[in-house]
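Report on the structure given below.
The values are calculated or read from the model by the stated rules, or taken from the named source; none is laboratory data. Nothing here was measured: the structure is a model prediction, and the numbers come from that model. Heads up, the Cβs are rebuilt from the backbone with ideal geometry, glycines too, and the neighbour counts pull from every protein chain shown. All accessible areas refer to the heavy atoms of the entire protein, side chains included, with ligands and DNA or RNA removed. Shrake-Rupley method; radii C 1.70, N 1.55, O 1.52, S 1.80 Å.
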Amino acid sequence: MKASGGEPRTVRGMTLDPHFQFLEAQARARAVPGQEINLEQFRAATEAGSELFGGKPVSGVRIEKLYITGRSHSVPTRLYLPTVRNNTAAMLVYFHFGGGVVGSLETANRFCSMIAKEAGAPVLSVEYRLAPEYKFPVGLEDCIAAYQWAVDNAARYGAPVGKAAVGGDSMGGNFSAVIAQQFRKTKPPVLQLLIYPGVDFTSETPSMHDFADAWPLTAEVIDFFMKQYLSSNPDFTDPRISPNRTQDLRGLAPALVYTAGFDMLQDQGAAYADRLRDAGVKTTYHCFESLPHGFVAFPKAAPAAEAAIRRIASETAAALQGSH
């Protein structure tokens with residue numbers, strides 16, 4: 001523990017995994033007070049971190065590159081096809097993390113492979129356009145186009161006809177929650193997988209303050225993401241930005257909601273799970289107390305992160321197989 005800054009880091013009775021405490025201590029040591037975040041460096045660092053800590057590829061899964069035609073743009077995607085199929089398991093459409101600003105198909109690569117293999121189901125990972133080059137709602141619209149394509153084409157890949165699930169981590173969880181709401185009456189997803197989702201950009205819950213300096217999602221980073229992602233004078237209560245602001249959650253897809261203990265977004269994820277449950281939506285919730293935000297992209301950083309994504313993949317697989 002000496003290398004990671006002395007005493008174990010304990011907040012709210014939760015203790016940060018020592019591997020991540022070491023990374024957090026390193027990040028703090030490198031931080032320059034008042035220095036502005038550089039977008040290109042941030043993107044490069046995210047990809048480098050994912051490459052370093054992303055873990056080995058998963059065997060028994062073939063990967064195809066597909067382009068999905070949106071309204072004005074072909075959305076690049078990666079389709080994970082398991083060698084051993086389960087034709088009862090629904091197709092999953094997955095959206096990666098990154099505040100709508102950073103991240104890529106690579107940051108969710110191992111996790112998507114694991115779900116495809118475990119479920120015997122196709123998984124479509126979406127390379128939606130990022131801000132600030134493409135501000136809200138462009139990235140969301142790319143995700144919607146991918147979801148609609150998956151519903152229409154699932155049967156071509158051995159999955160149940162006319163069905164798909166949505167899932168994602170962080171901003172990807174936000175997109176998943178929004179799509180579950182927007183399509184609840186027309187083409188509802190069979191499942192929404194929400195991993196440390198950002199669902200309320202008006203949130204002032206205790207975790208927003210208790211973990212404002214927690215690596216990798218600090219208050220400064222959230223502020224940076226919002227400035228890049230949204231146009232000036234945004235309406236943070238718009239349900240397409242803050243899906244937790246939607247009044248009526250009845251009739252939404254069954255939900256698997258996971259949060260990280262050392263994460264500013266922990267309370268809003270937990271609150272959304274409670275609201276879904278109160279609205280009669282079948283909801284499973286779990287908090288990985290020793291882990292920080294973003295752990296899906298860093299399974300090799302700590303055995304606890306690998307164990308967490310294995311658990312989530314297994315529970316998601318069971319839900320995809322039981323969704324018919």
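Structural remarks
- Calculated accessible area for the chain comes out at 42 Å² per residue, all protein chains present (probe 1.4 Å; ligands, DNA, RNA ignored).
- If you wrap the tightest convex hull around every Cα atom of the chain and split its volume per residue, you get 123 Å³.
- Label-to-label distance for A318 and Q26 is 3.5 nm, based on points extended 7 Å past Cα in the beta-carbon direction.
- Relative contact order, whole percent, for the chain stands at 20, derived from Cα pairs under 8 Å and 6 or more residues apart.
- Using a probe radius of 1.4 angstrom, the carbon and sulfur fraction of the accessible surface of the range 76-145 is 52%.
- Note on the chain: antiparallel DSSP beta bridges, both residues inside, total approximately 40 percent of the bridges counted.
- Qualifying trypsin sites (Lys or Arg not before Pro) in the range 65-133, where qualification requires a DSSP coil assignment and no more than 16 other C-beta atoms within 10 Å, comprise R71, R85.
- Prolate/oblate/rounded label for the range 137-182 (Cα gyration tensor, a/c 1.5): prolate
- Cβ-placed point charges (K, R +1; D, E -1), dipole of the range 24-71 about Cα centre in debye, nearest 20: 200
- Debye intensity ratio I(q)/I(0), log10, the range 158-245, q values 0.21 Å⁻¹ (C-alpha model): -1.05
- Relative contact order of the range 213-294: 35 percent, from C-alpha pairs under 8 Å at least 6 residues apart in sequence.
- In the chain, excluding the sites themselves, the longest stretch lacking any of the GluC sites (Glu not before Pro) that are in a DSSP loop with at most 12 other Cβ atoms within 10 Å is 205-324.
- Anisotropy class of the range 209-280 from Cα gyration tensor, a/c 1.5 cut: oblate
- A simple charge model with +1 on the Cβ of Lys and Arg, -1 on the Cβ of Asp and Glu and nothing else charged puts the dipole of the range 232-324 at about 260 debye relative to its Cα centre.
- Cα gyration tensor shape for the range 251-306, rounded if a/c is under 1.5, else prolate or oblate: prolate
- Between the listed residues A270, W149, T202, the Cα displaced farthest toward the positive end of the dipole of the chain, a dipole computed from Cβ unit charges relative to the Cα centre, is found at W149.
- Size of electric dipole in the range 7-110: Cβ of Lys, Arg +1 and of Asp, Glu -1, about Cα centre, debye, nearest 20: 380
- Here r is the Cβ-Cβ distance between K56 and R184 and R0 is 41 Å; the resulting FRET efficiency, rounded to 0.05, is 0.60.
- For the range 187-324: relative contact order, % (alpha-carbon pairs under 8 angstrom, 6 or more apart): 31
- Since only N86, F42, P57 are under comparison, the one whose Cα sits farthest along the positive direction of the charge dipole of the range 38-109, derived from C-beta charges on Lys, Arg, Asp and Glu, is N86.
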